[in-house]
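Colleague: My questions will all concern the structure given below.
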């Protein structure tokens, strides 16, 4: 084996530094516990949430810091003033005018008593105002989670036949969702939500919106019976098998109000001044519709109305939770699925607005807040709530400053619950359906899907899988499909890493991919390969095949052109972020394989993890540290030196120096080296 | 926005090249179908198996090439000669002497008639000799797959109560295993086997060997009844609850022969000359044991013997396959699990010996060969076969040259089946158990486990999970556990990518990780970050948090030291091999975020996929191509130029040139820039 080929640099007078070649250091051995601790910290506490506690001295300050950590309200309440309150008051009343009709509509969608939608806009916003860290999030129920509750619980218990049990299961599912959300936050497992990619959510939300709109055909057409399935085929079959039951009164009323609502939506897009119109439109529709029914007595002519709504604020529901019996499992499953969907929407919404206004949101803390809000909600007759996008956007546009806007909304809902519920007696269901459809149309984000197609085809496939899975299968099928495709993509990236051959950019010491930089030129006698992923068991045999194919192709090419044969294979490990024993074995085999073909394996720019494992596996000695270089340029310089100066005997490195290698080293490498 | 800051280089006289700055090119748009085709080709045909067909001209040559592709025997048979045959003859007889006792033993382990072990060493080796591409693989049944068949099928059908159905299910499972193996090969899905890492296999094989040894306690102790479970707790309970049934005759006989077999194993490790001893020992034990029983009539004193073995070669079993009825599902499941385990062992063994002898094995082709061998086997009364390590090692050591050694072995087994089966009548079962235990001891590879602990702790965990899962749970639990941990590691690598800050190595233009290279020095006013994984949805929010923490920490540090504040954040994308829309969004957000903090985002060395997606997402324009550099050194040079020369107005780039930036560019960058 040659001595360190880089030794040729040592006495070069032309080189400004006396330190060439620069060895790649092997990181010092660290105690196992310390390394494990650091890894765990980086995995679960990447945001270093305990920084503030370390800074606080004395138990008193630490207690305050802990409380302020759990209840961010303590941070901003002391500096709260009247001007802030004025903004929050306006915003709060605006979102209340949206929350009341939406709450009733979504509760109907979940097959729950309409008043539960109002309950859910009273207690949870108060909890969030204390514990949440977003200033713009408006808390409330959402259509997708409502639909999920209806379809998942509806399979187990019929809401028509056993409404009490069904309602109790909904509370239980909400409880489990809250516990699940809070545990994810407390166990710092918030990253699980990250596995729902944006593409998944676009497709999933679009599909869910389509399904929700389809469900509204029941009320819009005034049908007395309807399928409990949510897929397109069942719904269309159900609709067209009972054409004789269609009621023109419902259809006319629904179409008019839907047109009105969609019109205000379009108007509001014209400018931020008009957003008031779309924010107030639902409540206006409810008032107009109720008045119309009350005056024309349309409830006797096929227009279904809400009917009696119980007065009074949320009754306690602790004793309603179902922890035993055959139905708990389905409540648990519903809780976990709806909990994670609600989290995904809530955290995404919170983060988006935080970015607009440039403040920071701690994802795990938000999850604890959502969890607490749902646990408390489940004890006070509420069902699953989160931070819906539409309501939060209205909140933001109305100029909210802090979470006090949620408190104002809760107060407005409380007043409604205490005094105004009789006013909703004559509200026609078809208006609620129109409100839902108008809200859902915005969720079918076809522009985002087109953008996905343009930028990333795989993401587009994920999006479409989620959409069609939800529309033709069920919500769960769509979700599982999209997550599986997303994960497959990650696994495929690792299982099939890109390998590229590098060339020298003229007049520089830079080596870049020859397929990306057309001016990059290969170095005769040397093949420079770069691997773009960690070397893991999952790609070891692929890389073995692929690298040997690179060498075959290169040798074939050289043979055709009658050029110098191949002598060195330089592996640029700059992008190999991690390596496991499978990767180490691959390098071992590669080395043996190359030796048999009389080629020398040279490594360039290995990271510290690679160096540490090479050393532990004793591969460092067997490759020889003299064949491991800091940069590709240095590796090429050494190879060139060996090729041209030491040909007679590779073990004899002359002490006299040519400047080729050294100059190369210094970035003056250019085409004249053959 | 500044003009291209690199423009300063343009008229530098000191610079040898007129081409600075070098733009990072956006790859040209490719038609979707072409890109998709290339990706599919790289994913499924990385070894370019059709190369030989492209070279062959004319339909005749192509037919020959196709046939030779399917039946590699056509490649080597024409040049086969007597000297090769002499080697193969010796090797074939040697492995036959091992195959006969092992075949009977493993068939007993699978609760199948012992003669099926002999059948399975007759037909499949012939098929493999035609279709296989390994020269060293010796085909036969293996202990682990036998145990798996016993435990998976045994749950459904008792081999004692309904031996016919049980045997038919074993044929059916073998058939499904063969079809599954061949399909994996034909569909080019061989990489699925790669997801069983070496660590998984070490742990799994060790666990299976332990379980198989435990099962031998039945015969060793001469117990009439035994548990059907395979886990340690059940077996020990079963053994110690019937201590009164232990037979000293069995124990003494078994211990003596086990000692003898282990002794020959140890001897054979002394040198390659001694391997004959360990190869012949099992057959010798069988002969000695049978003689002993025949002479002492020990079969009447608690020593169980094989008993009557049917004479004649394999009967056809096509009509025995069970494709309908309630048991087909379990046969399918057993077939898939045993098929993949057998593939993993067979391909690993084939590859290892191919590497020793420096020839190439096509993994997918091997799978087709294994599949064909098992399908044909299932039609001729054989059960699952593969290339066991022990038998192949004996084959290799005995000097086999081609797959003809398998043919010789098959011929020897055929002779045994036709004429010698009555000789096995008095063979005691305890000898078979001793043979199995002696073979299994070698599979418990504790040295490999220690190596895993030293090199990679995660791989060690995977290995231990597989081992303890198999020993305390079941074979399937161990396997699933190990695969899940392995996949979690891959996902975690992507979900929690390492970010590191880079510094300049003194007297060079090289930038390296400051935690790896202690001499690397930060550049004042500039934070250089490197991301070591693809930017995917799964890590976008982590990276968002982590990068903002890097910036916070850097600014805090600068504030403490009273140094220049931060102005530029350079993101080294050299190791970002891939990006999806989640990653693009992250960059978009990062840019906005930095702008709000009055920092400039600078990208260095993006790959072509990143550039293409940046362009499609219109992010390239919004970042500005003048802030995208080919190397970190160029980016730093431009930042330094902007910081020091253009401070009054960043929009005004002076035309006069200082040499700082240009020299920096040329690798003369050193500490004197502040």
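Colleague: What is the list of residues in the stretch A:236-260 whose amide nitrogen lies under 18 Å from a point 7 angstrom out from the Cα of residue A:300, following Cα to Cβ?
Modeller: In the stretch A:236-260, the label zone of residue A:300 (backbone N under 18 Å from the point 7 Å along Cα→Cβ) covers A:249-250.
Colleague: A further question follows. Across peptide B:229-240, how many C-beta atoms of other chains are within 10 Å of each residue C-beta, on average?
Modeller: 0
Colleague: Next question, about the same structure. At q = 0.06, 0.07, 0.12 Å⁻¹, what is the log10 ratio I(q)/I(0) for the stretch B:76-490, with the Debye formula run over Cα points and no solvent?
Modeller: Scattering profile of the stretch B:76-490, log10 relative to I(0): -0.22, -0.30, -0.95.
Colleague: Using helices alone, I'd like the mean residue ellipticity at 222 nm for chain B: each DSSP H run of four-plus residues gives -39500 (n - 2.57), total over residue count, nearest 500.
Modeller: Calculated at 222 nm, the ellipticity per residue is -18500 deg cm²/dmol.
Colleague: If you take the beta carbon distance between residue B:66 and residue B:38 as r and set R0 to 22 Å, what does 1/(1 + (r/R0)^6) give as a FRET efficiency, to the nearest 0.05?
Modeller: 0.35
Colleague: How many angstrom lie between the Cα centre of the stretch A:206-220 and the Cα centre of the stretch A:353-369?
Modeller: Measuring centre to centre over Cα atoms gives 31 Å.
Colleague: Which distance in nm do the two modelled labels at residue A:54 and residue A:84 give, with both placed 7 Å along the Cα-to-Cβ direction?
Modeller: Simple spin-label model gives 2.9 nm for this pair.
Colleague: Per 20 Å bin, what is the whole-percent P(r) computed from every C-alpha pair distance within the protein assembly as shown?
Modeller: For the protein assembly as shown, the binned pair fractions read 9, 30, 32, 23, 6, 0 percent.
Colleague: Quick one: if you stick a label point 7 Å off each Cα along the C-beta vector at residue A:277 and residue B:260, how many nm between them?
Modeller: The two pseudo-label positions are separated by 10.0 nm.
Colleague: First check a/c for the stretch A:333-447, with a ≥ b ≥ c the square roots of the eigenvalues of its C-alpha gyration tensor; if it is under 1.5, answer rounded, and if not, answer prolate when a/b is larger than b/c or oblate otherwise.
Modeller: Rounded.
Colleague: When Cβ neighbours within 10 Å are restricted to other protein chains, what is their mean count per residue of peptide B:495-503?
Modeller: Mean inter-chain Cβ contacts per residue within 10 Å come to 3.
Colleague: Treating the point 7 Å from Cα along Cα-beta-carbon as the label, what are the nm separations from residue B:40 to the other copies, to one decimal?
Modeller: Counterpart label points of residue B:40 in the remaining copies fall at 4.7 nm.
Colleague: At residue A:356, label 7 Å along Cα→Cβ: distances to the other copies, nm, ascending?
Modeller: In nanometres, ordered from closest: 6.9.
Colleague: Quick one: Debye curve from the C-alpha atoms of the stretch A:207-270, no solvent, what's log10 I(q)/I(0) at q = 0.13, 0.25, 0.30 Å⁻¹?
Modeller: Relative scattering, expressed as log10 I(q)/I(0), comes to -0.41, -1.05, -1.21.
Colleague: Round to the nearest 10 and give me the degree value, 0 to 90, for the angle of helix A:457-468's Cα axis relative to the longest principal axis of chain A.
Modeller: Orientation of helix A:457-468: about 30 degrees from the principal axis.
Colleague: A further question on this structure: At 20 °C and 1.002 mPa s, what whole-number value in µm²/s does Stokes-Einstein give for the translational diffusion of the stretch A:125-208, with Rh from the Kirkwood sum over Cα pairs?
Modeller: Using the Kirkwood radius from Cα pairs, D works out to 141 µm²/s.
Colleague: Taking a label point 7 Å from the Cα of residue B:288 along the Cα→Cβ vector, which residues of the stretch B:409-441 have an amide N closer than 20 Å to it?
Modeller: Counting only backbone N, you get B:423-441.
Colleague: Any idea what log10 I(q)/I(0) is at q = 0.20, 0.24, 0.32 Å⁻¹ for the stretch B:281-333, Debye with uniform C-alpha scatterers and no solvent?
Modeller: -0.79, -0.95, -1.19
Colleague: Per residue of B:529-539, count partner chain C-beta atoms within 10 Å of its C-beta, then hand back the mean as an integer.
Modeller: The per-residue average across the peptide is 6.
Colleague: Determine the relative contact order of chain A: mean sequence separation of Cα pairs under 8 Å and six or more apart, normalised by residue count, in whole percent.
Modeller: Over chain A, the number comes to 22 percent.
Colleague: Moving to a separate point now. If r is the Cβ-Cβ distance from residue B:625 to residue B:487 and R0 is 35 Å, what FRET efficiency results, to the nearest 0.05?
Modeller: 0.35
Colleague: For the stretch A:595-643, what's the relative contact order in percent, using C-alpha pairs closer than 8 Å and at least 6 residues apart?
Modeller: 44
Colleague: Still on this model: Quick one: if the Förster radius is 41 Å, what FRET efficiency do residue B:226 and residue B:356 give, using the C-beta to C-beta distance and rounding to 0.05?
Modeller: With R0 = 41 Å, the Cβ-Cβ based efficiency is 0.50.
Colleague: Order A:564-572, A:369-377 from most to least packed using the mean count of other Cβ atoms within 10 Å.
Modeller: Packing proxy ranking, top to bottom: A:369-377, A:564-572.
Colleague: While we're on this one: With the Cα gyration tensor of the stretch B:439-513 in hand, give its eigenvalues times 5 under a square root as the equivalent ellipsoid semi-axes, listed largest first in whole angstrom.
Modeller: 38, 17, 7
Colleague: Moving on to the next point. May I ask for the angle, rounded to the nearest 10°, between helix B:632-645 and the longest principal axis of chain B, with both axes built from Cα atoms and the value confined to 0 to 90°?
Modeller: Once rounded, the angle reads 20 degrees.
Colleague: Under a plain spin-label model, where a point goes 7 Å from the Cα along Cα-to-Cβ, how far apart in nm are residue A:183 and residue B:313?
Modeller: Using points 7 Å along Cα→Cβ, the separation is 6.2 nm.
Colleague: Along the three principal axes, how long is the stretch B:105-155 when you take its alpha carbons, biggest first, rounded to the nearest angstrom?
Modeller: 37, 18, 14
Colleague: May I pose another question? Sort B:128-136, B:268-276 by packing, meaning the average of other beta carbons within 10 Å per residue, with the highest value first.
Modeller: B:128-136, B:268-276
Colleague: I would also like to ask the following. Highest mean first, what order results for B:232-243, B:297-308, B:90-101 on Cβ atoms within 10 Å?
Modeller: Per-residue mean Cβ counts within 10 Å order the peptides as B:90-101, B:297-308, B:232-243.
Colleague: Okay, next question. Roughly what angle does helix A:198-215 make with the longest principal axis of chain A, taking Cα atoms, 0 to 90 degrees, to the nearest 10?
Modeller: 20
Colleague: Ok, one more. Under the convention of a label 7 Å out along Cα→Cβ, give the distances in nm from residue A:550 to the same position in every other copy, shortest first.
Modeller: List, nearest first: 2.6 nm.
Laboratory data are not the source of any read-out in this text; all were calculated from the coordinates shown. All values reported here derive from a predicted model rather than from experimental measurement. Virtual Cβ from ideal backbone geometry, glycine too; neighbours counted across all protein chains shown.
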